[in-house]
Amino acid sequence: MKKVLIVTYYWPPAGGPGVQRWLKFVKYLKEFGIEPIVFIPKDPDYPMLDESFLKEVPKDITILKGRIFEPYFLAKIFSKKGATKISSGIIADEEKQSILQKLMLYIRGNFFIPDARKFWVKPSVSYLSKYLSENNIDAVITTGPPHSVHLIGLKLKQKYDIKWFADFRDPWTQIGYHEKLKLSERSRKKHLKFENVVLNTADRIIVTSYTTKNEFSKITKKPISIITNGYDGKLNDTLKALDEHFTISHIGSLLSGRNPINLWKVLEELIMEDKDFAKNFKLKLIGTVSEEVINSIKNFKLDNNLEILGYVPHKEAINIQKRASVLLLIEIDSIDTRGIIPGKLFEYMMAKRPILAIGPEQWDVIRLLENTNAGQFFNYKEGKKLKEYILKLYQLYKQNKLTSHSYNIEQYSRRSLTAKLVKLLNK
């Protein structure tokens with residue numbers, strides 16, 4: 001059986017989407033003749049926790065832990081004074097940033113390159129060098145962000161010339177918030193240099209979107225494979241146990257950049273025009289919601305129809321998705337976000353509920369929705385067509401016929417995606 005060393009920062013009990021990709025790959029790898037050895041930080045400072053993921057870690061795998069120093073105690077001190085949550089990518093627009101936030105962004109972008117987990121690189125290389133010299137490992141896989149993890153793979157590759165796969169769940173210098181880090185010219189060049197060396201040294205690059213592949217293809221001639229995120233579980237093919245109300249549910253962070261004003265406006269119009277709709281409609285938000293978004297919703301007089309649940313365990317989020325009338329998917333309206341395919345899209349597909357997606361033009365998600373018939377896309381400026389679509393779904397809800405006529409969803413199951421990964425490992 002081949003042995004693969006997987007280096008990842010995010011691992012249970014970490015919460016959020018970053019932990020799920022490799023937790024699910026590890027779950028199925030042994031079925032395909034690959035033994036995973038997972039290297040993770042010891043006592044990390046995760047931004048959010050979800051203890052339920054601990055139950056999904058296979059009992060029969062080797063997990064190695066390396067000590068990590070994280071300077072987030074400084075961020076915690078500043079956060080009490082309203083500093084930006086940089087580690088989560090929650091960065092306010094320039095004009096809304098306080099002096100303290102601007103200082104934090106400058107420090108983050110120029111002193112912690114490529115990111116604040118950079119101090120994990122040197123001790124990890126030392127620890128894993130000893131492990132590789134004493135054990136037969138067929139390949140090393142690093143997954144980022146944080147992209148410091150890829151520097152661990154780079155140094156191991158240079159030292160041992162082992163097969164190295166670099167997995168990018170998000171872009172590096174092309175990610176939306178990168179330009180907000182107040183980089184000096186020297187720091188910008190250093191980020192680009194690290195990115196270039198990693199992309200041109202790894203034996204294969206794995207990405208999660210078409211846009212990221214196109215962008216990386218301009219930097220490297222190394223083979224680049226797309227393996228999207230996916231869902232893990234059985235497809236929901238029943239209309240039973242749906243919410244009593246006509247519920248439009250959004251799962252995940254809804255930050256200031258993701259504020260679909262036209263949607264709130266359309267919903268206000270429907271409530272004003274149709275008393276029946278006003279009585280039956282519910283907007284349910286699960287996860288972190290910014291004050292700006294909440295204020296926008298209130299300005300459009302949707303208070304009485306709004307329910308905010310905050311962060312819930314992953315299993316509960318799955319159940320909420322399956323009971324929703326419509327699932328709402330929102331991405332920032334920017335060229336930089338065209339290559340972002342949220343992991344929750346695939347869990348939305350698994351729920352077999354109609355998806356209402358709002359995001360940038362030429363968004364990679366559009367192709368996936370068209371290939372699966374899983375939902376409908378609208379840009380931020382559309383109003384009339386958006387209103388017609390919601391009314392159509394509402395009429396089907398009243399007739400108890402609101403369902404998703406999607407197909408080709410099985411290709412995005414975690415097991416199918418693991419099979420795709422194993423083909424690359426066996427080449």
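All of the numbers you see were taken from the coordinates with simple rules; none came from a lab. Predicted, not measured: the structure shown is a model, and the values here were computed from it. With ideal geometry, Cβ positions are generated from the backbone for all residues, glycine too; neighbour counts draw on all protein chains shown.
So the values come out like this:
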{"quantity": "Efficiency of FRET from Cβ geometry, residue 299 and residue 336, R₀ 30 Å, rounded to 0.05", "calculated": "0.65"}
{"quantity": "Residue exposure sequence - 377, 346, 32 - by fewest surrounding Cβ within 10 Å", "calculated": "32, 377, 346"}
{"quantity": "Gaussian network model of the chain, springs between alpha carbon atoms under 10 Å - residue of 241, 116, 317 with greatest fluctuation", "calculated": "241"}
{"quantity": "The range 185-255: trypsin sites (Lys or Arg not before Pro) falling in loop per DSSP and having at most 12 other Cβ within 10 Å", "calculated": "218, 221, 234, 240"}
{"quantity": "Translational diffusion coefficient (Stokes-Einstein; Kirkwood radius from C-alpha pairs) of the range 120-272 at 10 °C, 1.306 mPa s, in µm²/s", "calculated": "83"}
{"quantity": "If the convex hull is drawn through the Cα atoms of the chain, its volume per residue in Å³", "calculated": "141"}
{"quantity": "Distance histogram for the range 333-417 (every C-alpha pair counted, 10 angstrom bins, percent rounded to whole numbers)", "calculated": "16, 45, 32, 6, 0"}
{"quantity": "Bins of 10 Å, starting at 0 and running to the largest distance - Cα pair percent for the range 246-408", "calculated": "10, 42, 40, 7, 0"}
{"quantity": "Residue 214/residue 59 FRET efficiency (R0 45 Å; Cβ-Cβ; nearest 0.05)", "calculated": "0.65"}
{"quantity": "Folded to 0 to 90 degrees: helix 384-398 orientation relative to the chain principal axis, Cα", "calculated": "80"}
{"quantity": "Cβ-Cβ FRET estimate between residue 275 and residue 190, R0 fixed at 51 Å, reported to 0.05", "calculated": "0.25"}
{"quantity": "On Cα atoms only, tilt of 121-134 relative to the major axis of the chain in degrees", "calculated": "60"}
{"quantity": "Whole-Å semi-axes of the range 139-216's equivalent ellipsoid (Cα gyration tensor)", "calculated": "22, 15, 10"}
{"quantity": "Sequence of 327, 100 once ranked by neighbouring C-beta atoms within 10 Å, starting from the fewest", "calculated": "100, 327"}
{"quantity": "Value at 222 nm in deg cm²/dmol, rounded to 500, when DSSP H runs of n ≥ 4 in the chain each add -39,500 (n - 2.57)", "calculated": "-12000 deg cm²/dmol"}
{"quantity": "Total charge dipole magnitude, the chain, about the Cα centre, Cβ charges on Lys, Arg, Asp, Glu only, Debye to nearest 20", "calculated": "1140"}
{"quantity": "Furthest towards positive pole of dipole, 311, 296, 248, structure part the range 246-408, Cβ charges", "calculated": "248"}
{"quantity": "Kirkwood hydrodynamic radius (C-alpha pairs) into Stokes-Einstein, the range 13-72, 20 °C and 1.002 mPa s, D in µm²/s", "calculated": "169"}
